[in-house]
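Before any comments, here is the structure.
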Amino acid sequence: MHELKNTFLNEFRETGFAIAHADALDKLELIRRTLFEEAGNLCDAGDDAAAFMNEFHKREMSGAELNDFRMAMIRGFNERLDAGEVIFDAFQDSLLRLVGPDVAVQKSCNIVIQQPGDIDVSPIHRDAPPNSPFEVVLWIPLVDCYGTKGISLLDRKGTNEVIADLRVAGKDGADKVYEKAKRVGHRIEASFGTACFFWTGLMHVIPVNEEVETRWSLNIRYKNLFSPQGAKRLPDFFRILRLSPLADLAIKSERETAMDDR
Ligand SMILES: O=C(O)CCC(=O)C(=O)O
Ligand SMILES: [Fe+2]
């Protein structure tokens, strides 16, 4: 176990990303079941969460209908469960080793439903900036992802190369650089029960899903509470999730002193 964690941390340090198994699989199962139950309140979802998600495109929902479904499902899901907390519990050990005991979490957890053939994908980008480079993204597949069903990450070296290429290519050459980015990106093959941890500074490419199954995945960001903030700051975009005994004591004491000074 120890060995496995060290490999994970070394890989992350080297490339900027690494896949970890959940420390508590039941927490991930709770998340998937809750989403599935919410979907079941809105349509006849059957009795198998993975099959429902993988075969979602067969329902042929699109446009406003799909959007309304998504919004209603996400609303119900968030009312029933604190995703930032449950995901932290699922990957607690890996997360604590990366960000330390004083933890802030993104307030909203994003849910992506990527149906086969849907060309509406985010363009190549990296999250930092505007996010802080002191954040880690947890990209969590809710169904098994392979081939173009997942995302593609450029490692630290590939990211640096692409940024340098873009600088010299200018606007007209950007397409060529993006083609290269697609070639050098690492396709993330990840099963349900794992998460891909990646640094916010990494470039990523979202391919059109050319597999026969729909992807459902979550993404959420964690950081050390005392690390530099990006444009997405506390308290609007992040909130405090965990405090070390020392920080807890210091914050309480500061509040008490402020009260005394009034
Ligand atoms: O899962 C996706 O399609 C988007 C992923 C992404 O851009 C992110 O998690 O930062
Ligand atoms: Fe992103």
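The values are calculated or read from the model by the stated rules, or taken from the named source; none is laboratory data. Quick caveat, the model's predicted, so the values are computed rather than measured. Note that we place each Cβ from the backbone using ideal geometry, even for glycine, and neighbour counts take in every protein chain shown.
The table for this structure:
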item: Cross-chain or 6+ apart pairs with Cβ under 9 Å, the range 63-76 first and farther than 16 Å from GLN115 by Cβ, then in a helix (DSSP H, G or I) and of a type in the set (D, E, K, R); result: ALA72/GLU38; ILE74/GLU38; ARG75/GLU38; GLY76/GLU37; GLY76/GLU38
item: Some residue of the range 242-252 being without any contact (Cβ under 8 Å) to a residue 12 or more places away in the chain and among the small types (Gly, Ala, Ser); result: yes
item: Subset of the range 105-140 [near ligand 1 (Cβ under 9 Å from one of its atoms), surrounded by 15 or more Cβ atoms within 10 Å (Cβ to Cβ) and not aliphatic (A, V, I, L, M)]; result: GLN114, ARG126, ASP127, ASN131, TRP139
item: Elements of type helices (runs of 4 or more DSSP H) contained in the range 1-60, each with 1 or more residues being of a type in the set (Val, Ile, Thr) and within 20 Å of ASN110 (Cβ to Cβ); result: 25-42
item: Candidates ILE111, ILE87, filtered to the one that is aliphatic (A, V, I, L, M), assigned to a helix (DSSP H, G or I), touching a strand residue (DSSP E or B) at 6+ places or on another chain (Cβ under 9 Å) and in contact (Cβ under 8 Å) with a residue 24 or more places away in the chain; result: ILE87
item: Scope the range 89-107; condition within 12 Å of VAL136 (Cα to Cα) and hydrophobic (A, V, I, L, M, F, W, C); matching residues; result: LEU95, LEU96, LEU98, VAL99, VAL103, ALA104, VAL105
item: Some residue of the range 92-105 being within 16 Å of ligand 2 (Cβ to nearest atom) and under 13 Å from the mean Cα position of the chain (by Cα); result: no
item: Test: ARG183 is basic (Lys, Arg), away from ligand 1 (no atom under 15 Å from the Cβ), within 21 Å of ASP118 (Cα to Cα) and modelled with pLDDT under 95; result: yes
item: Top-ranked residue of the range 118-163 - restricted to ones that are among the aromatic types (Phe, Trp, Tyr) and assigned to a loop (DSSP other than H, G, I, E, B), ranked as farthest from ligand 2 (Cβ to nearest atom); result: TYR146
item: Sole exception among (1) within 16 Å of ligand 1 (Cβ to nearest atom); (2) touching a Leu at 6+ places or on another chain (Cβ under 7 Å); (3) part of a helix (DSSP H, G or I) for LEU66, by number; result: (2)
item: Identity of the residue in the range 139-163, under 12 Å from ALA190 (Cα atoms) and of a type in the set (A, V, I, L, M), that ends up farthest from the chain's Cα centre (by Cα); result: VAL143
item: Residue check for ASN224: away from ligand 1 (no atom under 14 Å from the Cβ) and at pLDDT 95 or above; result: yes
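Residue by residue, here is whether (1) more than 18 Å from the chain's Cα centre (by Cα); (2) surrounded by 20 or more Cβ atoms within 10 Å (Cβ to Cβ); (3) not in a loop (DSSP other than H, G, I, E, B) holds:
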| residue | (1), (2), (3) |
| --- | --- |
| PRO207 | no, no, no |
| GLU211 | yes, no, no |
| TRP216 | no, yes, yes |
| LYS223 | no, yes, yes |
| PHE226 | yes, no, no |
| ALA247 | yes, no, yes |
